[in-house]
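Worksheet: one structure, shown below.
The values are calculated or read from the model by the stated rules, or taken from the named source; none is laboratory data. It should be emphasised that the depicted structure is a prediction, and the values quoted were computed from it without experimental measurement. Every residue, glycine among them, receives a Cβ derived from its backbone with ideal geometry; neighbour counts consider all protein chains shown.
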Amino acid sequence: MNSETPVVEIERLVRRYGRRDAVDGLNLRVRPGRCYGFFGRNGAGKTTSIKCLLNLLRPTSGAVRVFGMDPAREEVAVKSRLAYVPDNVAFYPWMSVRDTLDYCASFRARWNQETERALLDQFRLDARQKTSHLSKGQRTQLALITAICPEPELLVLDEPTSGLDPIVRREFIRTVIGAYQDGDPGRRTVFVSTHLISEFEGLIDEFTIIDRGRDVLTLDADAARERYQKIYARFASDPGALDLAGAHVLRREGRDIEIFVNGNSADVMNRLKSRSPETLTSESLTLEEIFVATLEPGEAVA
Amino acid sequence: MLRLQLNFKSGKPVYLQVVDQVKAAAASGVIRPGEPLPSIRPLAEELRVNRNTVAKAYAELESQGIIETFAGKGCFVRANHSPFRKAIRIELLTERVDEAVVQAHHLQVGRAEFLRLAEDRFDAFQHQRDRTPR
């Protein structure tokens, strides 16, 4: 595999349940070393897509490749290089934390003992505890340890932080940045599906928004924040007619106006400037606001 | 101590925010030549940003001659950290001054007031530098 082979490649993926298309023509590709966000509302098709990547579901049509391979035909080769943390983590209830770690390690070619020790310590997990006695947060932490210790090239996270308290959520993200990404950054790829977008804001290099089984927007995170902006202007008096082509007016009251632009911020700013406003400011939308603006244009960042 | 603050609403790429803030810290004496910068992992963890973002910022700072990296030791602020010829440096600064002048116009801050503010800011940075114990 050369370094340009995408870690994940999804082409025109369709997955049908009965007569309903859960995934309906999804396309995306994740380059090595990226932290890729997969954003969608509940029921948008995120988990179904991920299950196709992991060969837990067969695609109805279309192609899925992981490390350039078909996960159905080369399941072992694919799975030995990735780790998966689902939204609802389950372990064998009769096993202790220690047993669970040993059990998971037995399937892996590599297991970083030092990382295991450091993370058990960081999460203050008692290795003797039975997994049936762990809280939801502790189960997720244990799942994260079992995902990171094998030092996989791809870490797949499906709604990893939903239902967790803020402390556990912060710690989770810190661990993905620190313990996971630190290893061999060029070959540590994260694919995270979530609707808790603001938490992952700093982590995401690139993202795809999925809606009704289709990719509706794919962008580099910095480029997205540059493209989607809110502009606010205040004039000395009601400016009357303004040339706002390409902008969406969010609010207009007398001499104040707030507008939303997608990709033509500089141009709209210049047109407003020519009318000599008293105040003229712009700010980027956050990824979460971009998500809302994409899926609910009417609700856009009011 | 270097304290960075990221703003996802500024429209500026996150790595460039790190670059600019480190440059400002070096210019104001918050970090001095020879002093180390935090290593990539703890800084990424603290800022809750992708490790690659910090790595990219440090690479950019290094290519601009602001910092230098010693294998196994980390990144340090360089003594004479402007490799540019004066004309190029002035040119780079002109862009920033232009932005400020335009902003001043919009905020109805006049020429004299603007120049006075610039003097004040020079004094403020000088003051900060003098106060920091050597």
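The table for this structure:
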{"item": "Residues of the stretch A:51-69 classified as closer than 13 Å to A:Arg29 by Cα and in contact with a strand residue (DSSP E or B) (Cβ under 7 Å, 6 or more places away or on another chain), total", "result": "5"}
{"item": "Some residue of the stretch A:201-217 being small (Gly, Ala, Ser), out of contact with any helix residue (DSSP H, G or I) (no Cβ under 8 Å at 6 or more places or on another chain), modelled with pLDDT of 90 or more and within 30 Å of B:Arg41 (Cα to Cα)", "result": "no"}
{"item": "Qualifying residue in the stretch A:268-278 (condition: among the basic types (Lys, Arg), modelled with pLDDT of 90 or more and either over 28 Å from the mean Cα position of the chain (by Cα) or within 22 Å of B:Gln17 (Cβ to Cβ) (or both))", "result": "yes"}
{"item": "Filter result for B:Val54 (buried (at least 17 other Cβ atoms within 10 Å of the Cβ) and either assigned to a loop (DSSP other than H, G, I, E, B) or away from every other protein chain (no Cβ under 11 Å) (or both))", "result": "no"}
{"item": "Residue tally, condition within 7 Å of chain A (Cβ to nearest Cβ) and either surrounded by 20 or more Cβ atoms within 10 Å (Cβ to Cβ) or at pLDDT below 90 (or both), over the stretch B:1-20", "result": "4"}
{"item": "Strands (runs of 3 or more DSSP E) lying entirely in the stretch A:134-218 (those with 1 or more residues that are crowded, with 17+ Cβ neighbours inside 10 Å and aromatic (Phe, Trp, Tyr))", "result": "A:189-194, A:206-211"}
{"item": "Within the stretch A:158-207, tally of residues that are touching a Cys at 6+ places or on another chain (Cβ under 9 Å) and away from chain B (no Cβ under 12 Å)", "result": "1"}
{"item": "Residue match in the stretch B:21-35 (condition: within 12 Å of chain A (Cβ to nearest Cβ) and out of contact with any Cys (no Cβ under 8 Å at 6 or more places or on another chain))", "result": "no"}
{"item": "Single match in A:Ala63, A:Ala77, A:Ala72 (criterion: under 17 Å from A:Pro6 (Cα atoms), over 23 Å from the mean Cα position of the chain (by Cα) and surrounded by fewer than 17 Cβ atoms within 10 Å (Cβ to Cβ))", "result": "A:Ala77"}
{"item": "Odd one out for A:Ser106 among (1) over 30 Å from A:Lys130 (Cβ atoms); (2) without any contact (Cβ under 8 Å) to a residue 12 or more places away in the chain; (3) not hydrophobic (A, V, I, L, M, F, W, C)", "result": "(1)"}
{"item": "Residue satisfying all of: in the stretch B:67-88; at pLDDT below 70 and either assigned to a helix (DSSP H, G or I) or in contact with a Cys (Cβ under 9 Å, 6 or more places away or on another chain) (or both); surrounded by the most Cβ atoms within 10 Å (Cβ to Cβ) among these", "result": "B:Ile88"}
{"item": "Hits in the stretch A:88-105 - residues which are buried (at least 18 other Cβ atoms within 10 Å of the Cβ) and assigned to a loop (DSSP other than H, G, I, E, B)", "result": "A:Val89, A:Phe91"}
